[in-house]
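In what follows, a single structure is set out as structure tokens and then discussed.
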Amino acid sequence: MIKTITKIGNSQGIIFDSALLQLARLKVGDEVNVEVHSGGTISITPMEPAVIEASKAAETAKRLIQKNSELFRRLS
């Protein structure tokens with residue numbers, strides 16, 4: 001697929017149309033890693049979202065609620 005670098009404000013960029021985003025399984029707001037390789041090749045790789053184990057998330061939430069119990073009581 002051929003794209004043209006265009007001026008976007010004070011920067012330059014490449015517009016990704018919706019078909020390209022769908023093929024790459026990306027959406028607006030997704031984080032990507034951009035690497036420049038020798039020879040000038042650029043690769044754009046989607047960042048994997050951080051995976052948190054359910055037990056760790058529950059433990060963290062419980063600790064947060066206990067630590068801020070007075071604040072949560074006043075907000076309810």
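Just so you know, all these numbers are worked out from the coordinates, no wet-lab data involved. Keep in mind that what you see is a predicted model, and the values were worked out from it rather than measured. Don't worry about glycine lacking a Cβ; one is built from the backbone with ideal geometry, like all the others, and counts go over all protein chains shown.
State which residue is farthest from the chain's Cα centre (by Cα) when the search covers only the stretch 5-55 and only residues that are loosely packed, with under 10 Cβ neighbours inside 10 Å and in a helix (DSSP H, G or I).
Gly39
For the stretch 29-76, give me the residue count where each residue is among the hydrophobic types (A, V, I, L, M, F, W, C) and either under 17 Å from Lys3 (Cβ atoms) or in contact with a strand residue (DSSP E or B) (Cβ under 7 Å, 6 or more places away or on another chain) (or both).
Residues meeting the conditions: 6.
With the requirement that a residue be hydroxyl-bearing (Ser, Thr, Tyr) and within 20 Å of Glu48 (Cα to Cα), what does the stretch 1-35 give you? First the steps, then the outcome.
The first filter runs over the stretch 1-35 and keeps only residues hydroxyl-bearing (Ser, Thr, Tyr), leaving 4, 6, 11, 18.
Within the stretch 1-35, none qualify.
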